[in-house]
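Inspection log for the structure reproduced underneath, given as structure tokens.
The values are calculated or read from the model by the stated rules, or taken from the named source; none is laboratory data. Given the structure is predicted, the values throughout are model-derived calculations rather than measurements. When we count neighbours, we look across all protein chains shown, and the Cβ atoms used for this are built from the backbone with ideal geometry, even at glycine.
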Amino acid sequence: MRLFIGIDLPVEIKSEIFKSLEPLMLSSKGWENAHDYHQTLLFIGATEHGIVAEIKNRMDEIHFEPFDLETSGISFFNRRIMYVDFIPSDKLNQLKDEIDARFPEYIRPEEKEFVPHITVKRWQRYEYEHLSEGILKHGLPAIKFEVNSLCLFKSERDQNNFKYHVIHQTSFHKI
């Protein structure tokens, strides 16, 4: 199984983001399904079934308080990936550090710096100008939501063409 740890967005937030992006969707090519919107915190990768229970148990040892995240707009990685970014969050960075500390064997030193984001589109470079102009014209409203759990995702397409599926959830509680 291909696994990663992250934050699953509430369904209504996924829907709100998707609806705000619809004016930019001239074709269906490259757009992520709203069901798959998430914030990755740690990529685990190919994992044997026997290790999954240990990962779940270690996730359940993470005690964190709920916190708010707020979108701050739309940005691009290398003109090829469009994403929703967040207002900087100390709490999100603390959660990322906590996960990294509990799962050091999955840290890849060669990885890029952690940039909180939700990937919404992958495309060919020729679409960049259209998307940039559309973002300036339509924008993305600030969307705030509470992060109240941590999820273990499995990456596998299903019959609905959804790619990411929560297979375990660790809830946060006021400490």
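Quick notes on this structure:
- Complete set of residues in the range 157-166 that are of a type outside the set (A, V, I, L, M, F, W, C) and surrounded by 12 or more Cβ atoms within 10 Å (Cβ to Cβ): Lys163, Tyr164, His165
- When residues of the range 1-46 are limited to those that are under 28 Å from Ile107 (Cβ atoms) and small (Gly, Ala, Ser), the one surrounded by the most Cβ atoms within 10 Å (Cβ to Cβ): Gly6
- All of Leu42, Leu9 fail the test of being in contact (Cβ under 8 Å) with a residue 60 or more places away in the chain, of a type outside the set (Gly, Ala, Ser) and in contact with a helix residue (DSSP H, G or I) (Cβ under 6 Å, 6 or more places away or on another chain), apart from Leu42.
- Top-ranked residue in the range 77-109 [being touching a Ser or Thr at 6+ places or on another chain (Cβ under 8 Å) and among the aromatic types (Phe, Trp, Tyr); ranked as nearest to His173 (Cα to Cα)]: Phe86
- Residue match in the range 105-115 (condition: out of contact with any helix residue (DSSP H, G or I) (no Cβ under 6 Å at 6 or more places or on another chain), assigned to a helix (DSSP H, G or I) and of a type in the set (Ser, Thr, Tyr)): yes
- Residue within the range 61-72 that is buried (at least 17 other Cβ atoms within 10 Å of the Cβ), more than 17 Å from the chain's Cα centre (by Cα) and at pLDDT 95 or above present: yes
- The range 87-130 - residue that is modelled with pLDDT under 85 and crowded, with 17+ Cβ neighbours inside 10 Å and, of those, nearest to Lys14 (Cα to Cα): Trp123
- Residue within the range 47-58 that is hydrophobic (A, V, I, L, M, F, W, C) and closer than 18 Å to Val84 by Cα present: no
- Subset tally (residues that are part of a strand (DSSP E or B) and within 16 Å of Ala34 (Cβ to Cβ)) for the range 152-175: 4
- Counting only residues that are farther than 18 Å from Cys151 by Cα and under 16 Å from the mean Cα position of the chain (by Cα), the range 1-32 holds 6 of them.
- Any pair with Cβ under 6 angstrom, 6 or more apart, that starts in the range 45-57 at a residue that is within 12 Å of Leu3 (Cβ to Cβ) and among the polar types (S, T, N, Q) and ends at one that is modelled with pLDDT of 95 or more and surrounded by 11 or more Cβ atoms within 10 Å (Cβ to Cβ): Thr47/Leu3
- Residue within the range 35-53 that is under 13 Å from the mean Cα position of the chain (by Cα), more than 17 Å from Val115 (Cα to Cα) and modelled with pLDDT of 95 or more present: yes
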